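A short worksheet on the structure shown next.
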Amino acid sequence: SPAGMVLSVLVVLLLSVLYEAVKMGKAVLLRRALLALPHSLSQEALTEPEEGGTDPAQGRGFPMFFSRWFQFHVGQTLFHVVQVVLGYMVMLAVMSYNAWIFLGAIAGSTLGYFV
C-alpha cells in the first residue's frame, strides 16, 4: 500500500541518518581516546602514581592512562557493532531493488552527513 511504502522509506531514511550519527560518534570517541594517551611515553608517564594518591586504577597493575584508553576502546567497539548492524540493515533494505527505498537510503545518508 502507499502508506506502507512511505513508512518503509521513512524507516530506511531514519536508519541511514542514525548510521551517519553513529559513524560520527565513533570518530569523536576515537579523538577522545587519542587525547587520553600521554604525549610522551616516558618512564614517569608509564609508572603508577605514588602511594596515597586518589587514582582508582591504583593497585590494578596498569597505569591510569591505559584504564581510560581501555574504556574509550570498549566504547568504540560498541559503536562499531551498532554501526555494522545498521549498515547491514540499510544494505538489506536497498537490496530489495526498490527505487524508493534506495532513494530513502541515499537521502538519509545525505541528511545524516549534513547534520
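Details
- Listed values for region 104-115 are Karplus-derived 3J(HN,Hα) couplings in whole Hz (6.51 cos²θ - 1.76 cosθ + 1.60, θ = phi - 60°), namely x, 5, 5, 5, x, 5, 5, 5, x, 5, 5, 6, and x replaces Gly and Pro.
- Across region 76-87, computed HN-Hα scalar couplings (Karplus, 6.51 cos²θ - 1.76 cosθ + 1.60, θ = phi - 60°) run 4, 4, 5, 4, 5, 4, 5, 5, 5, 4, 5, x Hz from first to last residue, x flagging Gly and Pro.
- Two numbers describe the Cα atoms of region 65-115: Rg and Dmax, which are 15.6, 49 Å.
Read-outs: derived from the displayed coordinates by stated rules, not from any lab. The shown structure was predicted, so the numbers you read here are calculated from the model rather than taken from an experiment.
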